[in-house]
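In what follows, a structure is listed as structure tokens, so that the remarks can point back to it.
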Protein chains: 2
Amino acid sequence: MEGVDYLSDERQKAQFDVEAMKVAWAGSLQALQLSNRMANLVANDPAFEKFTRPMMGRKELLKNTLRKAAHGWKLIVDLRLTEEAKWLRLYIDEPAYTDLHWGMFIPAIEGQGTEEQKKKWLPLAQKMQIIGCYAQTELGHGSNVQGLETTATFDPQTDEFVIHSPTLTSSKWWPGGLGKVSTHAVVYARLIVGGEFHGVHGFIVQLRSLDDHSPLAGITVGDIGLKFGNGAYNTMDNGVLRFDHVRIPRNQMLMRVTQVTKEGKIMQSNVPRQLIYGTMVYVRQTIVADASKALSRAVCIATRYSAVRRQFGSRDGGPETQVIDYKTQQSRLFPLLASAYAFRFVGLKSITTTATADGIEECRKLCGGHGYLVSSGLPELFAVYIPACTYEGDNVVLLLQVARFLVKTVSELGYKKPVGTTAYMGRVASLMQNNCAVQTAEGWLNPGAIVEAFEARAARMAVRCGRQLAEFENPEEGFAELSADLVEAAVAHCQLIVVSKFIEKLQQDIPGKGVKQTLEMLCYVYALFLLHKHQGDFLATGYLTPKQASLANDQLRTLYSKVRPNAIALVDSFNYTDHYLGSILGRYDGNVYPKLYEAAWKDPLNDSDVVDGFHEYVQPILKQKLRTAKL
Amino acid sequence: MEGVDYLSDERQKAQFDVEAMKVAWAGSLQALQLSNRMANLVANDPAFEKFTRPMMGRKELLKNTLRKAAHGWKLIVDLRLTEEAKWLRLYIDEPAYTDLHWGMFIPAIEGQGTEEQKKKWLPLAQKMQIIGCYAQTELGHGSNVQGLETTATFDPQTDEFVIHSPTLTSSKWWPGGLGKVSTHAVVYARLIVGGEFHGVHGFIVQLRSLDDHSPLAGITVGDIGLKFGNGAYNTMDNGVLRFDHVRIPRNQMLMRVTQVTKEGKIMQSNVPRQLIYGTMVYVRQTIVADASKALSRAVCIATRYSAVRRQFGSRDGGPETQVIDYKTQQSRLFPLLASAYAFRFVGLKSITTTATADGIEECRKLCGGHGYLVSSGLPELFAVYIPACTYEGDNVVLLLQVARFLVKTVSELGYKKPVGTTAYMGRVASLMQNNCAVQTAEGWLNPGAIVEAFEARAARMAVRCGRQLAEFENPEEGFAELSADLVEAAVAHCQLIVVSKFIEKLQQDIPGKGVKQTLEMLCYVYALFLLHKHQGDFLATGYLTPKQASLANDQLRTLYSKVRPNAIALVDSFNYTDHYLGSILGRYDGNVYPKLYEAAWKDPLNDSDVVDGFHEYVQPILKQKLRTAKL
């Protein structure tokens, strides 16, 4: 870092070994070194500059993304990067068609293709001689795969499938990389053989010429238009796609699970049908990894700027108080810091994505007015992240699936021993009966007491839902009527999982002075923050008394004071470059105000003193000559 | 409305008189007619088209705003609009320098200027022969007015003030209209007379030439750069401003409260000092009005699209279920619908702005993936609205002021009868002692029971804070340490105010079939939703039993079923034109999908089939010729 470090005082307050914490965060020394190398490769290459990105018009923006993707691919080839490639793409930090090519198109073929199909298509894809995307969702159909309308009708005469979009709402809509780049797609469509529907399957369809890139006959394809935010996800060409009786050879249906023979016979292999959903599961896992990345970036920005920013509290003209010293700031910021660590070690899409999206926005608010500036990096971070709450399964839909599983577990308790994440339900009798025994604020610094509290809350809420459901004659009606409460029970269960996995993780040996202790502190912050936020659940189920809830809150305040001196070091441990953070407020050196001031002058509006439009639209007003002005 | 109304079935379900509800929402028949006239004037004038706004680069965007502002002012002059002018500007729906000129600059002079000053400056401003803004916040200083650094030093030799920016952090930063348009500003600065500091005051300073618009000598002024969102608040030229010993005549200090004589004597008139803050109070009131506008727009979009959108639940290939019929959707959407009505009748910045910002984002999520498209209108609505939580006083700062007032009230209960919004504290003994008496779900449909529950919760939380504070030797330290809890107590108090004012409003006669009953239903939804969301407070203070909290939740579910048939009619009652809503998902006629499809093709990326950048950056990849490509 060049120049003065305005945060060096803060860094000296740390009570743990930052380098060791970096290793713990990265997962291993090797992972740290590798990611460090890739991060710096990107940060030091001017080709990957991203400051001007939010100011670009759509065309310029996409062209710039294509340039970066090509440059990145060149590096990958030239440097013979293998597993590092995904880190390189991560640190380039710009959503692009390559994400879908590598993250969805190739895995779909790997998971759902036959050996023959893999042999044919994977080498082409892996060398990027073709570029593919994943065309599932439609204009009128999102998470419900069975509701898709696109058809793939088998024509035994020609041994082909006819891919067709029968309605407007069947238009493929949203797939990334589809709009302007992909040459191919895995298209999900209703398989029709002999006039009968045989489920939804994936088909490899070529969309554009490999020579001049023009759309093939029968294909209508384009970009779906602007999305939320400046820059942000607008670097991605999410697309719309319609088929007018497009014919593909029979062997382009992905046939690992279901086969259609030349004669039009449907065969099922004994590969589990869940493979169809394999790709989506893969993507969900990636998304979860992104939750801790996105939240930690936002927290890093907000924490550093909270140490730089001063407001009120000045006495006798001295400097004002650092914002990070206010309890109101700590009580909003530190739980998010703790959450970033929790999500690093445990991931659960349904609750981590929502908490992350909300957390990024909270970090923006914690930066005061300046967080609203694009140069703070927070608007783009938010806008890029929020689709994670929706795509590949709306969170509410996922939570209802969890709830269904929970009430089923409860109803079977008499004769079936629950295992896995619901194993605690096996102790339901004692969880229902025994209430919390904590009697002091210190008593809450006890992993056993915390896990039991979360178990009791989750179990009691699930049991209560089960009882309420039993009052309905039609169980499906009951499930629909009580769904909002079922979601709450599912959230309780998911929070238990994150809390207990975080605690489990800390049972391991974690090297480095103070590292394990600091993580334990964060784990308590995370758990007690959730307990306080959801104290209604804990009290309503009778597990806690108001006094005990209040003691937990007292302990939380004490913990905030303990986090405070470590805050900057804890965000330094993420080991993010200033390039990757992309935030003036979050600069490593804390030199915020001069750089904000400098950045302002780069806005195109400041190219001239007198603004474009003054003569036409402002001067006539000032001179009272609007009547004769040409507007 | 042209063509088919796809929501007509929904409209026929309404159980109340929509036209009468429109009057109730608008405030009076006259207000409805007036706003209707202005809304249609704007909607039918192609000069105010706003679809392309989010796609514009910054320069083009601002120029377009200047054009609209000029066109709007021409209409105001030509049609001799008086009080209608503010409605016209509202429906033009584009943040512009005129908002600050009319909303801050003129009110500042009106409130803080002497009669002589008003006589000189107001006619110029009212004819827009000068254009002004409000330059208070600085790069390093937000809400804390006393921390401002800009100086205004009196020079008795020349009878002038010297306005100066002594540090980088003293640069004025954020004022709207400052960046590229204003000719004048009311500048807040530290008054220095005879080497002594005499408080922060406002000064009228000319910034730009009235002839050629170039910045005057000693003035450095520009735009602060891009803000969150596409279009959104980027139509506003928020500015940065530095003074290098700029001299202004003594009579340009706003002297209604404090006067500086020719001789350098400081005089105080007996006008209350609060007038200094009068402008900010005025603005806050405007912001509160905007909360109900912004939230109701988002709710209107999400409600209509929830009726159009179908997902899952199809049996035997029939149509899928309307999303609005799911309880999970209702339990998130209907409380926001109720909140929009609550905020229309009652406003309280600190809690309505946060609830509105969160509510807009929730509405976006309730629209699924398509809410992420700019053409849904929701991203721009969110990005435009969120600064309301920060500007003119961070919400947490405001809530801490409320909390300070509450604990003071509590501490004085023995000898001082509380009045106004804290009058209920006078009954603190019974509020502490008597617990809730509700025994059935129907029992919650009782305004008395609801108000008392909110009173008891607020009183008990305030008293508990008071007790905890008393344990600290130094009250200020205690206040700092407990501030997060104090904020919670303040929120409880503010929610009580909104709930009880909403209930009060419904004591009046409200004409129209079913209108009053429907509003009562929304009032119950609002109150019981808050009660459920914050049940931790009600349980922790011991006012409610878990059973009673559960009964409230049961009643809430029942209420959602009653809201359901009225949902579309309730958002129709806002009487918003499709132009003002600016959302394809929220179209009055529900014709969503064809219009989304149509809009996609208008993205500049779709100007050509082969994307700009293909030959440079994609073809070399496909053809494996990256090594020789020029990137």
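Key figures
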{"read-out": "Dimensions in Å of the stretch B:399-572 - Rg and Dmax from alpha carbons", "value": "17.6, 60"}
{"read-out": "Proximal aspartates and glutamates relative to B:K120, as straight alpha-carbon distance under 14 Å, when same-chain residues fewer than 8 apart are discounted", "value": "B:E110"}
{"read-out": "DSSP bridge pairs, the stretch B:104-271: antiparallel proportion in percent, nearest 5", "value": "80 percent"}
{"read-out": "Carbon plus sulfur fraction of accessible area for the stretch A:402-572, probe 1.4 Å, in percent", "value": "54 percent"}
{"read-out": "Heavy-atom accessible area order for A:M55, B:M461, largest first, 1.4 Å probe", "value": "A:M55, B:M461"}
{"read-out": "For the protein assembly as shown, share of DSSP beta bridges that run antiparallel, in % to the nearest 5", "value": "85 percent"}
{"read-out": "C-alpha center-to-center spacing [the stretch B:521-556, the stretch B:591-628] in angstrom", "value": "53 Å"}
{"read-out": "Protection-proxy order for peptides B:407-419, A:242-254, A:172-184, each taking the mean of Cβ atoms within 10 Å per residue, highest first", "value": "A:172-184, A:242-254, B:407-419"}
{"read-out": "Unsatisfied cross-links (Cα-Cα over 30 Å) in the set A:K50/A:K630; A:K623/B:K86; A:K180/B:K293", "value": "A:K50/A:K630; A:K180/B:K293"}
{"read-out": "Set of aspartates and glutamates near B:K22 by C-alpha distance (under 19 Å), chain-local residues within fewer than 8 positions excluded", "value": "B:E10, B:E84, B:D290, B:D509, B:E520, B:D572, B:D578, B:D589"}
{"read-out": "For residues of A:590-597, the mean tally of beta carbons on other chains within 10 Å", "value": "4"}
{"read-out": "Two-site FRET efficiency, B:D609 against A:E115, from Cβ-Cβ distance with R₀ of 30 Å, rounded to 0.05", "value": "0.25"}
{"read-out": "Accessible area in square angstrom per residue, the stretch A:352-497, 1.4 angstrom probe", "value": "38 Å²"}
{"read-out": "Protein-protein interface of the stretch A:527-562, residues with accessible area decrease of at least 30 Å², isolated chain reference, 1.4 Å probe", "value": "A:H532, A:Q535, A:G536, A:L539, A:A540, A:P546, A:R557"}
{"read-out": "Sequence ranges A:187-194, A:623-630, B:102-109, ranked by mean other-Cβ count within 10 angstrom, highest first", "value": "B:102-109, A:187-194, A:623-630"}
{"read-out": "Shortest-first nm distances, B:L168 label point to equivalent points in other copies (7 Å, Cα→Cβ)", "value": "5.5"}
{"read-out": "For the stretch A:132-271: accessible area per residue (Å², 1.4 Å)", "value": "31 Å²"}
{"read-out": "Mean residue ellipticity (222 nm) of chain A, computed from DSSP H runs ≥ 4 via -39,500 (n - 2.57), nearest 500", "value": "-15000 deg cm²/dmol"}
{"read-out": "Convex hull volume of the protein assembly as shown per residue (C-alpha atoms, cubic angstrom)", "value": "187 Å³"}
{"read-out": "For B:G27, inter-copy label distances in nm, listed shortest first [label point 7 Å out on the Cα-Cβ vector]", "value": "5.9"}
{"read-out": "Computed FRET value (nearest 0.05) for B:L29 with B:D9, which takes r as the C-beta separation and R₀ as 30 Å", "value": "0.55"}
{"read-out": "Cβ neighbours within 10 Å from other chains - mean over A:482-494", "value": "3"}
{"read-out": "Accessible area buried, both sides summed, chains B and A with 1.4 Å probe, Å²", "value": "11800 Å²"}
{"read-out": "Cα centroid of the stretch A:130-199 to Cα centroid of the stretch B:135-181, whole Å", "value": "61 Å"}
{"read-out": "Copies compared at B:G448 - label distances in nm, ascending, label defined 7 Å from Cα in the Cβ direction", "value": "5.1"}
{"read-out": "Exercise: per-residue mean of other protein chain Cβ atoms within 10 Å, A:208-215", "value": "4"}
{"read-out": "Burial of 50 Å² or greater, the stretch A:335-384 residues [accessible area, probe 1.4 Å, versus chain by itself]", "value": "A:K365, A:H370, A:Y372, A:L373"}
{"read-out": "Centroid-to-centroid separation of the stretch A:341-410 and the stretch B:307-364 [C-alpha atoms, Å]", "value": "19 Å"}
{"read-out": "Accessible surface of the stretch B:104-271, 1.4 Å probe, proportion on carbon and sulfur as whole %", "value": "50 percent"}
{"read-out": "FRET efficiency estimate (nearest 0.05) - Cβ-Cβ, B:K625 to A:T628, R0 60 angstrom", "value": "0.50"}
{"read-out": "Lysines with Cα under 17 Å of B:K327, excluding same-chain neighbours fewer than 8 positions away", "value": "B:K365, B:K533, B:K562"}
{"read-out": "Phi to ³J(HN,Hα) by Karplus 6.51 cos²θ - 1.76 cosθ + 1.60 over the stretch B:213-218, Hz, x for Gly, Pro", "value": "6, 6, x, 6, 4, x"}
{"read-out": "Other-chain or far-sequence residues with amide H under 5 Å of B:F312's (modelled H)", "value": "B:T321"}
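The values are calculated or read from the model by the stated rules, or taken from the named source; none is laboratory data. What you see is a predicted model; the values in this text were computed from it and never measured. Note that we place each Cβ from the backbone using ideal geometry, even for glycine, and neighbour counts take in every protein chain shown. The protein model used for the area step is the full one, side chains on, heavy atoms only, and it has no ligands, DNA or RNA in it. Shrake-Rupley method; radii C 1.70, N 1.55, O 1.52, S 1.80 Å.
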